[in-house]
Each structure stands twice: as C-alpha cells, then as structure tokens.
Amino acid sequence: MTAKRSRYTLLALLFAASVAMFPNSVLFPASHDVAVHLHQPTAFIGWLVSSYALAYVLATPLLGMTSDYLGRRSILVGGLVLFVLGGTVPLYDPKTLPMVVGRVVMGIGSAGIMPMVDSLIGDAYPQGPERRRALAGFGAAVAVAEALAPFLGGVSDGINWRGVFALYTLGLPAALLTGFISVPPRQSARPEKVKLSDYAVSLRIALRIPRLYSAIVGAVVFGVVYFGVCTLLPYALGAPLSGWKSGALFLPIGVSWVLFTAWLANRPQLVRLREVMVGSALGLAALTVWLAYAGHLSFVLAIGVGWGAGSAFLCTIFQWMVGDESPELVRGAMNGILNAAYMFGFSFGAPLFMWLMKIIGFASTLWWGAAAMALLAVFLFVSLRPHGVTVLAEELTETVR
C-alpha cells in the first residue's frame, strides 16, 4: 500500500470511529428536551440508551468473530448503514416504540464499526511503534468525538430537538469513504480454512493472556465510572445544566484527552505500562472525590482536564495491549470483546450513578465511583505481574500454528 493510500485508509477509519461515538454522547445534553417533546419522562432516554447498549454488547463479539472469517470492510460499511437507518428513526417516526427498535438496529450497526476499525488498523500496521502510533490516532479521534459530541448535541437541541438525531446521518459519508479503503492482506491468511474448533481454542487461550483480560476488565470498570461521572457532571454546580452549557462542561475532558493521546502517539516505545495505568486509575479516583465537593466552575473544568488525561492514558494503553498481544487469527474477536466491555460499562454507568444519586446523594455516589477506580488500580497492579505471561504466549503461538 502506498503512503498516500495508507493515509487515506487511516483517515477514513478514524472518521468512522468518530461517528460511532455519537449515539449516546449527543443525547445526554438534550435528554430533557427530547423527553418533553415526546411527552415522556426523562427516564425514557434511559430506555434509548439501554436498548442501544444491549444490542451493541450482544452483537459486537459475534461480528468481531465473523470478520475474522468473512473480512472486515463489508461488515464496517454495513454497520455504518445500519447505524444511520436506526439512529434517524425519530426524524420520520418520532414514536416511542419505533425509536426503541431503531436504537436496537443502531446498536447492531455500531457493533460493526469500532471493532472493525481497531482490527483493520492491526491488519494494516506491523506490531510495534507504527501500530501504536496508528492506535493512538484512533484514540485521539475517539477523544475528539467525545469532546464535540455533547457540545454538538446541545447546540442542535437549541435549534430543534430533532437536530440531535440528524447528527447520525454523518454515518453516510463515513460509509462512502470506507467503501473505497484498501484492505491490507492479513499475515494469518492461509489457503486452508481454519477449523472452528481451532479458532475457539485460540480465542480461549488468548483470553487467558494477562494483558488481554486485564484490558477487558479495565474497560468495563472504566466505562462504568466514566459514564457515571459524565452523567453527574451537569449537577456538579448545583442546579442541573442543559443545552450548550451542559455540553461545554465536557469540552475540557475531550481537549485534554486529545492532547495527551497525541503525546502518547509520539512515545510508542513506552514500556512501563503497568505503572502508568495504576497511576492513572488512582489519579482518576482522586479527581472523582474532588468533583464531589468542587462546587465552582473553575474546579469542575480543572477536574475535566484531569479526567481527560487519565482517560487518554488508560484507553490508549488498553488499546495498545489488545493490539500488540491479540493473535492475528482472533484479532477481530478480541477487539469485539474489548469494545463490548466498554459499552457494557457505559450502559450501566449512567443509570447506576443516577439511581445512586437519588438514593445516597451526589457526593456519596462519586465516592463509590472513586472506590471502583482505586480497586481497578489494585487489580491492574496484581494482574499484570510479569510471571506467567511468557508461558501463555508460547502456548498460544503453538496452538495457532
């Protein structure tokens, strides 16, 4: 693949990944207005989020495994099309049941986007610095989307509540762009078809590699606390904010996330991953406690900067670990499981933290979130001990052969 074609492929994939971050992020700042126009309680937004998340979690590993057999580009393009069809249902049929069904379709479509982007990057770049730089670019694109999506959702809501759902049409140009990417040949391609039983054994052993299962568990915990904190962020100043004011609170997280991901992209040789992740998890725990008592805009914005930095380190390194350690034969499946882990955490984080806030209050809920991040730091410190990694890696290599 030429350098120019490689850049086009990477940019198209990053655009698709950015669009895939929109489903829930654009909804949160507009949740109140959307519920009012639909004559539904605000809790109805939770049904939209949960139906999307459940479909995503169930479909992601399946589509990831399917891509290992049938190829990734067709699933990626099809996923983007389903994303648009399901997400834009409120534009032409704003009724509750069609909207929930549309979110299920959208969740299945999203399940065919993020894991395919991860896997295609892994296919296109050799293991090492080049792949890590590309994966860091992926993390930066996700961070930009995380920063802009709430703000765009708030601005669109200020114009018209249906404008939030019109943002999902960005999946159409993403589908057109990815339809023309050059799909690199995988090194694991072979003339004979891999037996399903051999594939299952390889996947089972891969899930026992410490870096892989640590990334998956870490993604679940991070997803719960991150989306929980984001849900409570508009309440940090007392009266809940909405519209563009609510969206603006998320900008420091996204900007900081992008900057630190870019910093990591220039340091692909970083080797002390365990220490960096443990420190990041403990830092996020401390910031979550601070948010419980911040009470001032400047403090909330500073906490957002810190959360963006910690998120950049954790998410980028999780992606590095899966990208570096996943065998090519089961790369699609492992990326599917990692993305399902994030979404599993996201789907529980928002409703869980909202429910806890009603039961025990704003500050106590954030203390529970901080405790979860501190426990994650302990888990990462223990699970990523060097002992045992080499044995598992050798066992996996022999099985794949």
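The values are calculated or read from the model by the stated rules, or taken from the named source; none is laboratory data. What you are looking at is a predicted structure, and each value in this text was computed from that prediction instead of being measured. Here Cβ is always computed from backbone atoms with ideal geometry, including for glycine, and neighbour counts include all displayed protein chains. Just so you know, the surface numbers come from the protein's heavy atoms only, side chains and all, with ligands and any DNA or RNA stripped out. Shrake-Rupley method; radii C 1.70, N 1.55, O 1.52, S 1.80 Å.
Would you check which residues across region 170-182 are more than 14 Å from residue 20 (Cβ to Cβ), open to solvent by 30 Å² or more (accessible area, probe 1.4 Å) and in contact with a helix residue (DSSP H, G or I) (Cβ under 6 Å, 6 or more places away or on another chain) and list them? Within region 170-182, 179, 182 meet the criteria. Scanning region 85-100 for residues that are at pLDDT below 90 and open to solvent by 10 Å² or more (accessible area, probe 1.4 Å) yields 88, 89, 91, 92, 93, 94, 95, 96, 97, 98, 100. Screening residue 266 on (1) open to solvent by 40 Å² or more (accessible area, probe 1.4 Å); (2) within 16 Å of residue 234 (Cα to Cα); (3) polar (S, T, N, Q) shows it passes everything except condition (2). Here 290, 307, 320 are screened, and the one residue that is open to solvent by 30 Å² or more (accessible area, probe 1.4 Å) and assigned to a helix (DSSP H, G or I) is 290. Scanning region 94-146 for residues that are farther than 19 Å from residue 167 by Cα and assigned to a helix (DSSP H, G or I) yields a count of 24.
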